[in-house]
Number of protein chains: 2
Amino acid sequence: MGVNYFRRDGRDSKFVLLEHLGVERLLGYEPYRDFSAEDFAMILDEALKVGKEVLGPALQDGDRIGCAYEGGKVVTPDALKECWRVLNENGWPSATYNPEFGGQGLPEVVGGLVGEIFNGANMAMMTYAGLMVGNGHLIEDFGTDQDRAMFLEKMYTGVWGGTMCLTEPDAGSDVGALRTKAIPDPEADDPRIYKIEGVKRFITCGEHDLTENIIHLVLARIEGGPAGTKGVSLFIVPKIWVNPDGSMGEPNDVFCAGIEHKMGIHGSSTCTLNFGEQGKCRGILLGEPHSGMAKMFQMMNHARIGCGIQAAGATASAYDTARIYAKERVQGAPLSDRHGAAVPIIQHEDVRRMLMNLKAGSEAMRAFIAYLLFNSDVAKHDPDEAERQKAQARVDILTPLVKAYPPDLGYMLIRDAIQVLGGAGYCSDFPVEQYGRDIKILSIWEGTNYIQALDLVGRKLGAQGGKVFQEWVMELMAFAQANEADQDFQADCKLLGQAVGMVADFAQRFAGYFKQGRISLVPMFATRFLECFAETVLAKLMLEQGLIAGGKLGTVDPASADGLFYQGKVASAKFFCRNILTNVFGRYASLKTEDLSAMEIPEEAF
Amino acid sequence: MGVNYFRRDGRDSKFVLLEHLGVERLLGYEPYRDFSAEDFAMILDEALKVGKEVLGPALQDGDRIGCAYEGGKVVTPDALKECWRVLNENGWPSATYNPEFGGQGLPEVVGGLVGEIFNGANMAMMTYAGLMVGNGHLIEDFGTDQDRAMFLEKMYTGVWGGTMCLTEPDAGSDVGALRTKAIPDPEADDPRIYKIEGVKRFITCGEHDLTENIIHLVLARIEGGPAGTKGVSLFIVPKIWVNPDGSMGEPNDVFCAGIEHKMGIHGSSTCTLNFGEQGKCRGILLGEPHSGMAKMFQMMNHARIGCGIQAAGATASAYDTARIYAKERVQGAPLSDRHGAAVPIIQHEDVRRMLMNLKAGSEAMRAFIAYLLFNSDVAKHDPDEAERQKAQARVDILTPLVKAYPPDLGYMLIRDAIQVLGGAGYCSDFPVEQYGRDIKILSIWEGTNYIQALDLVGRKLGAQGGKVFQEWVMELMAFAQANEADQDFQADCKLLGQAVGMVADFAQRFAGYFKQGRISLVPMFATRFLECFAETVLAKLMLEQGLIAGGKLGTVDPASADGLFYQGKVASAKFFCRNILTNVFGRYASLKTEDLSAMEIPEEAF
């Protein structure tokens, strides 16, 4: 068993939930009425305990032993089996899911903060959990009563796993190009039963030994169905057939043809699955024919928010490893006292800068996911319809940001964590290099980051005639103005105002490019627009937190735990604005060149 | 044996050497008089062949099999042994070294371009070669005739390997804190022979089976010597003792206590070496006592330029893998033709953007290392002393940049290469994720990037009373002005002028901070200053190349190989200025905030 390096302090998670977002609002909602703020704090403490005692210690085994493929079967490291047992014994994977089917019914925002802790402790492990419940949720929403009775409880309690089978060798980002086909099964009594035939690739958790069965959700085209995404249907394809009474029948014709060797998340199996090699694979149509894409998108949107959670978790853990190391490692005198004695490296300015990148960046990510999921709770449960709609619109426009930005920022920040540890960071004893390898997948799966940028500029920006975006811009502008006299954050509010102005101008220029037929400029700068937009969102959240912390500082002993935390928060807010938000200025300078050299160059010149 | 993915096109290397820098100047120098420009082109072609046929095919074995530790010995993968044989059979490692001792006497700039090819094909492999000859060169410069006769030829021809033994468990960046000690050996006839005792860590190529002997260069303190770096001496410590006649004697008391498991460069052994465990380790003092640091710095400066070469190589190879993949992989329609047919992904705007990042970035790095090494040749051999001094001053000020900037830029660019390949990029079949893991070490070893930034702002910036830096700034300003009417590069010259102004202001502010006692601001922004400075240097080189290519475009068929290359070069120059150089604007916005939040936060708040 590897060493446990997971040592998260839960203070910031509680700050976000209890001091920043004001969870009381959620407690007034019908489904959450039996909870209290103290319950949530206790749940976070419990999650930290599981992270430290169970998930964290299994991190390095997952990486070093990894998954093994043996004749169609995948063997996971023993340490992961123990994680699986503990997670499900306590109902963690289904924390936010329907209690009627074995879930715990917690608010999304609490589930997200728990998820950030768990993914920070062991991201590879959590893929099994996330797919299982995400999958179940789709069956809950779109299945028949019979489907729900057959599958749900087992998928909310860790008995059966789940997968999303979208990608094929020639259908990755272009899902509509899939070739997997479905034909009504002439031998079946139930007209919803189809024969499935096709090959799916890069299927996360496609085969493993953590559960007695795996319920694949497979996108396939019913023979004769429309081309492209409009003719895609969704099927429940159990690894082992499930009888109408919920008992398991014969093995289904699903074969794992191999697993991938990857940069990271070695503990999570990435499989090629052959469906119907022997012509005997059966699946159950979920919902109407040809409605698969929309359904899959519900799960996909959830998974996209999950990418932000995963990135926040990994980055925060890299920060923890780096800050603890930097306090212990003594090396050299700082430049400002160059003839002095050797000091812990946390006292060297550049180390401090990198740690602040990590601190401010990971806190901003945490605030972002919590804010988004808080809105998701409001969107589902607020009694006021206008509030619900407004919150949902906000979730929609921010989802591509939370999918794309934290993974890329996290990749950069974990680079800093490796750098803080120096040679030790490049070696595998500490897991910082592992976090760096694990996190890279997040910018690729669940729709590449470019797909997110296109979703943002092609769909979300224009939602409700652009009103959602404009309201957000106005809100940020107003916020920056309202606080421009604050003694702590004067400079920061000014920077935020300027940055938001650039983001707004970006959007306006995009509209112009569409009109002027200079459309290539939009996708050429879409990724950078997304990054700029995200940075203003995160800066605003950090400033909100900084203002709260600044206000509380006068009421506590600065040397107390709370005093130190609030001082740290004020510093994080400033640092984020003055050192990360400023990236907007560089990208905006690029945009103004309206550079299309990348398109003008002949393809043969690459 | 793994698949060979090394498919470098040598066109750009030849462009840099023959069309951009004007290698004719070097041909006039005494030591290079027997070479011709055609010779150099042929040498590059030969190097490409070795890369494709020998080094490239061994890349994945080096990574997957890696080095194995067995009871004090390190076993390298067989594929590397074959590389070693071919490299040395053809004298590649000593290409630029003294022909008197078995070297080939090529100009540094040619050696650098060959090195970029070889490191792009197999960076881990090349560590063995680089240390061997770098080590030999130190003995050549500072050893006695006897030392040279005993060691040199074998170290220039691949018979004996070499290492630099600086780092200790408690002396990393702070070399002067080392504890390894040296005591005159009472039993030796030669007063230069000392007993050595200590532990060295992170010793690259510290033990392996590629050569019959390994000549360690060890920093140690002669007992009673001054504290810190002023009391450090350098010793030749052979793994197997070498008799005065050059024959090998008894094994020396040097034990490899283990190797590190690392993020990348698995084919390069990283060792802990125990010297004198049994009190019997002997070493030969190289040069005067207490003069070790200065000597080691000569090698270190060479190795620092090597980091740039390694980064350029890995990045260019990631670019090659990505561009070839992007031309072959068909997926989806581009946004500008969204209802059209699926196209090779190189036609998608964001993929194109990422490929241009890689193309422009790796070309700029190549231009940079070639420019620097060209100056190194001038500094050594130009008949005019003023020219030699000017060139050396330029090499000195640019060395921290070439060490630090390409590794960090490369890390970012290889991230893009992984992203271009999508899921396939995250898997290990293609080596892009390996390049991403291999390259990270470069920002750490040979003095971390922060040490480079401190060297730049603390030493190099003030060289000759700041004259070297000021002249460089003036030269860039003049260049930007002289070309501001160019029809291709008008916008780019304007950007360059602005960016250089920011860099100059940065430097001026630093001088002010020193005077005002606000010294922490200097190290806080030193890394970013280095990055800004480097980007202006690279932008100028790219614009020089772009202007040359633009001029030649009128004289060739645009559809010819040359025509396509020149069009590509014009695009690279534009793209670099408009999309990478613009980072200066973001960092400068940060500098203007003079943010010290990272220092103001209490240490306990981390």
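How high is the FRET efficiency between A:Ser291 and A:Asp34 when r is their beta carbon distance and R₀ equals 30 Å, given to the nearest 0.05?
0.25
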Original post:
What's the average, rounded to a whole number, of partner chain beta-carbon atoms within 10 Å of each residue's beta-carbon in A:562-569?
Top reply: 3
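At 25 °C and 0.890 mPa s, grab the translational diffusion coefficient of the stretch A:285-335 from Stokes-Einstein with a Kirkwood Rh over Cα pairs, rounded to a whole number in µm² per second.
Estimated diffusion coefficient is 166 µm²/s.
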Original post:
Any number yet on Rg/Rh for the protein assembly as shown, C-alpha, Kirkwood?
Top reply: 0.97
Subject >> Residue order, fewest to most surrounding Cβ atoms within 10 angstrom, among A:Asp492, A:Asp45, B:Asp320, B:Asp562 >> reply: A:Asp45, B:Asp562, B:Asp320, A:Asp492
Subject >> Taking chain A and dividing mean pair separation by its residue count, relative contact order in percent (alpha carbons under 8 Å, at least six apart) >> reply: 12 percent
**OP:** From other protein chains only, count the Cβ atoms within 10 Å of every residue's Cβ in A:416-428, then give the mean.
**Re:** 6
Subject >> Set of lysines with alpha-carbon distance to B:Lys81 below 28 Å, sequence-local pairs under 8 removed >> reply: A:Lys262, B:Lys49, B:Lys52, B:Lys73, B:Lys154, B:Lys200, B:Lys239, B:Lys262, B:Lys440
Subject >> Paramagnetic label zone (point 7 Å from Cα along Cα-to-C-beta, A:Arg64; backbone N under 17 Å) in the stretch A:1-43 >> reply: A:1-6
Subject >> Range of Cα positions in the stretch B:174-239 per principal axis (Å), largest first >> reply: 37, 34, 14
Subject >> Exposure proxy order (Cβ contacts within 10 Å, fewest to most) of B:Thr448, A:Thr555 >> reply: A:Thr555, B:Thr448
**OP:** Mark the label point 7 Å from the Cα of B:Arg85 along Cα→Cβ and return the residues of the stretch B:193-230 whose backbone N is within less than 16 Å of it.
**Re:** B:209-212
Subject >> Exam field: B:Ala342 pseudo-label spacings to other copies (7 Å along Cα-Cβ), nanometres >> reply: 5.9
Original post:
Separation between the B:Asp245 and B:Lys49 pseudo-spin-labels, each 7 Å from Cα along Cα→Cβ, expressed in nm?
Top reply: 4.0 nm
**OP:** Going by the rotation axis that takes chain A to chain B, pick out the residue of A with the closest C-beta and quote the gap in whole Å.
**Re:** A:Gly586, 2
Original post:
To one decimal in nm, how far is A:Ala386 from the same spot in the other copies, if labels go 7 Å from Cα toward Cβ? Please give the shortest first.
Top reply: 7.9
Original post:
Put a point 7 Å out from Cα along the line to Cβ at A:Arg25; what are the distances to that point in the other copies, in nm, shortest first?
Top reply: 6.5
Original post:
Along the Cα-to-C-beta direction of A:Lys494, a point sits 7 Å from the Cα; which residues of the stretch B:522-565 have their amide N less than 19 Å from that point?
Top reply: none
**OP:** Please give the peptides B:83-89, A:357-363, A:312-318, B:248-254 ranked by average Cβ packing (other Cβ atoms within 10 Å per residue), highest first, as a rough proxy for protection.
**Re:** A:312-318, A:357-363, B:83-89, B:248-254
Original post:
Rounded, prolate or oblate: which fits the stretch B:161-292, taking a ≥ b ≥ c as square roots of the Cα gyration tensor eigenvalues, rounded meaning a/c under 1.5, else prolate when a/b beats b/c?
Top reply: oblate
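For the pair B:Asp486 and A:Phe514, what calculated FRET efficiency results from E = 1/(1 + (r/R0)^6), where r is the Cβ-Cβ distance and R0 = 41 Å, to the nearest 0.05?
According to the calculation, E is roughly 0.85.
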Subject >> Dmax and Rg, reported as Rg then Dmax, of the stretch B:275-434 (C-alpha, Å) >> reply: 22.5, 77
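What translational diffusion coefficient, to the nearest whole µm²/s, does the stretch B:11-151 have by Stokes-Einstein, given a Kirkwood radius computed over alpha-carbon pairs, a temperature of 37 °C and 0.692 mPa s viscosity? Mind showing how you got there, number by number?
Working: Rh = 16.4 Å.
The estimated diffusion coefficient comes to 200 µm²/s.
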Original post:
Among B:Leu80, A:Leu335, which comes first, second and so on when ranked by fewest other beta-carbon atoms within 10 Å?
Top reply: A:Leu335, B:Leu80
**OP:** Describe numerically, in nm with one decimal, the distance between label points set 7 Å from Cα along Cα→Cβ at A:Glu223 and at B:His261.
**Re:** 5.1 nm
Subject >> Student exercise, the protein assembly as shown dipole from Lys, Arg, Asp, Glu Cβ charges, in Debye to nearest 20 >> reply: 1760 debye
Original post:
So for the stretch A:460-601, taking the charge dipole from beta-carbon charges (+1 Lys/Arg, -1 Asp/Glu), which of A:Val537, A:Ala482, A:Leu564 sits furthest toward the positive end?
Top reply: A:Val537
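Divide by every residue of the protein assembly as shown the summed helix terms, -39500 (n - 2.57) for each DSSP H run of at least 4, and state the resulting mean residue ellipticity at 222 nm, rounded to the nearest 500 deg cm²/dmol. Could you put the intermediate results ahead of the total?
Working: 38 runs with 620 residues, N = 1212.
Calculated from helices alone, the mean residue ellipticity at 222 nm is -17000 deg cm²/dmol.
Just so you know, all these numbers are worked out from the coordinates, no wet-lab data involved. Every value quoted in this text rests on a predicted model; they were computed, and no experiment measured them. Reconstructed Cβ throughout: ideal geometry from the backbone, glycine too, with neighbour counts over all protein chains shown.
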